[in-house]
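What follows is a single structure, written as structure tokens, with notes after it.
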Amino acid sequence: MNRNAVLKSVTDRIIERSREPRAAYVAQMEAAGGRGPRRLSLSCGNLAHGFAACPASDKEAMKGARAANIGIVTAYNDMLSAHQPFEAYPEIIRSALRDVRATGQVAGGVPAMCDGVTQGQAGMELSLFSRDVIAMSTAIALSHDMFDGVLCLGVCDKIVPGLLMGALRFGHLPTIFIPAGPMRSGLPNPEKARIRQLYAEGKASREDLLEAESASYHSPGTCTFYGTANSNQMLMEIMGLHLPGAAFVNPDDPMRRPITEASARAVVDLTETGSNPTPLYKVVDERSIANAIVGLHATGGSTNHTLHLVAIARAAGILVNWDDFDELAAVTPLLCRIYPNGPADVNHFHAAGGLALVIRELIDAGLLHEDVRTVAGRGLRAYTQEPFEASDGIKWQSGAAESANTDIVRPVSAPFSEDGGLRVLDGPLGRAVIKVSAVKPEHHVVSAPAIVFDSQDTFIERFKAGELDRDFVAVIRFQGPRANGMPELHKLSPSLGVLQDRGFKVALVTDGRMSGASGKVPAAIHVSPEAACDGPLARVCDGDIITLDARSGRLDIAADLSRRPPATAGKSSETGIGRELFAGFRSVATSAESGAISLPGLDGAGTAGEAVST
């Protein structure tokens, strides 16, 4: 199959741009690998400490030179629905490893916070930086050098990117990600959104709202809308880091345990002592990163990955920027309608054909690099298959050849739109991204006077006071990484949605985030440079005419900002809820386009500097 010319061009450009840092990274990984079982390099005292708590049979295996020892890095906690199922996984994994004469240990845990719990709260200002804490925690877990392979247990927003960033610094080891799956469908997402808007208008009580939310988020598993968490699972699949078909199997599905067991056995085969050695750095390369960007566009995934994929790539010595996202979006058709881009949830998507169908369609259209390394031991075509349980164990068979519901997933020949719906905006206000796949065409261009806010709480106060019933562009500034950790601003969504439904032309421009739940109101997000770094947003005043044009890719303002002094941030958000502990993160965080990274050295060349725009 001929490869799409733009996919080839963008990938070639990424390879050329990344030549030096990628070569340095690969050299580092090659120097770290090739030593057989890692624990053999430890002293007797080191090793004795490392297996002191193990059962006698595991100790005997680890004393020898043949058995692989697998490190489990887990995001388990029992407060968060997505990660609660992981409580039982370590014992399932250890048992499966013993079946193939290997051993496993929980190498460490990583924090897992939920944006759904902290949304609109002060704790959200720690959310983005938790990704980098998770990367460091993963490195600490693996730093004991006891392990020959890695199993990462994580699902949600910052957890999977952080796990992968940390694991990539140990890229000489094979790594497989094991998800827990989405909760089963509850209250339909459009109904939940309707009640949220009624509550914002004062037409529904808090009891009504809590009942609706509880019916939506009701059991173990990931939230069912297609936000960052479920976009993570798509990415792990399309990058070849899951076993095929693992992403969207429910926690209580009979297939969930066999997939987990098969993942444990598979990573042993990928170790240096296995039959198919496949270190992580050979799986995550420039082609798999390009594939991830295409998958994001084709499924209408989370805008958070315009940050996370950049950061993940840098952890592997690869430099990508928003121009790469923009060019690939232009040639990638939107194949899915999953909430907030449509009424269906990820369970409906999975039943309609799911990722196996999407990946087959994209490969056959030349929109994915098929010849990549994967943890399945074959190229990406393996991910057009789905698992089933046979009498002699888990097997894979071809997935759906066509959609079971074309209102949810479609072929490349009849997409929902010709492009992926994620676009880059540029202009005198800086660079931004916008997700338009859920925005009606009549709202793709908004030109209106600015109303400037330095917090989302101020916006909500004015909305409740009835002061925003007009056409306007809400400028919410001092929300970037350096200012306050770049929180998501979904607290604004119901109010903005109400105003749009009332017939007003409204849009949002912010250096903060909106993420995978970005909905029907046009939102230019991740504006860079941010206001706290003397970006143009710091000079915008009420009444300035701002034009957000998603069709032409422009973010314009009818004012000469150069003649104005910059505003300074209002209310301080540097203390409370632990925020003072993250002052160092805020002080060094790179721009949104460079991944909002607070860990210098994560590009494989010793620096976390800016990506070069082309």
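The values are calculated or read from the model by the stated rules, or taken from the named source; none is laboratory data. Just so we're clear, the structure is a prediction, and the values are computed from it rather than from any experiment. Quick reminder, even Gly has a Cβ in these numbers, built from the backbone with ideal geometry, and neighbours come from all protein chains shown.
The conditions of being in a loop (DSSP other than H, G, I, E, B), assigned by TED's automatic domain parsing to the domain that holds I176, touching a residue at least 12 places away in the same chain (Cβ under 8 Å) and surrounded by 18 or more Cβ atoms within 10 Å (Cβ to Cβ) are not met by M62.
For A82, state whether it is within 16 Å of T103 (Cβ to Cβ), modelled with pLDDT of 90 or more, assigned to a loop (DSSP other than H, G, I, E, B) and in the same structural domain as D145 (by TED's automatic domain parsing). Criteria not met by A82. If you go through region 183-201 and keep only what is free of Cβ contacts under 8 Å to residues at least 60 places away in the same chain, surrounded by fewer than 17 Cβ atoms within 10 Å (Cβ to Cβ) and either basic (K, R) or part of a loop (DSSP other than H, G, I, E, B) (or both), you end up with just R194.
For S417, the criteria (1) crowded, with 19+ Cβ neighbours inside 10 Å; (2) small (G, A, S); (3) under 20 Å from P522 (Cβ atoms); (4) in contact (Cβ under 8 Å) with a residue 40 or more places away in the chain hold in every case but one, which is (1).
Yes/no matrix, rows are residues, columns are (1) outside the structural domain of N321 (by TED's automatic domain parsing); (2) more than 28 Å from S591 (Cα to Cα); (3) among the β-branched types (V, I, T); (4) crowded, with 17+ Cβ neighbours inside 10 Å:
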| residue | (1), (2), (3), (4) |
| --- | --- |
| V433 | yes, no, yes, yes |
| F459 | yes, no, no, yes |
| A465 | yes, yes, no, no |
| A474 | yes, no, no, yes |
| F478 | yes, no, no, yes |
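When region 529-550 is filtered for residues that are in a strand (DSSP E or B) and among the acidic types (D, E), only D549 remains.
If you go through region 418-457 and pick out every residue that is within 19 Å of Q500 (Cα to Cα) and hydroxyl-bearing (S, T, Y), you end up with 2.
Per the conditions (1) surrounded by fewer than 24 Cβ atoms within 10 Å (Cβ to Cβ); (2) touching a residue at least 40 places away in the same chain (Cβ under 8 Å), the sole criterion not satisfied by V509 is (1). A residue that is at pLDDT 95 or above and not aliphatic (A, V, I, L, M) cannot be found anywhere in region 433-441.
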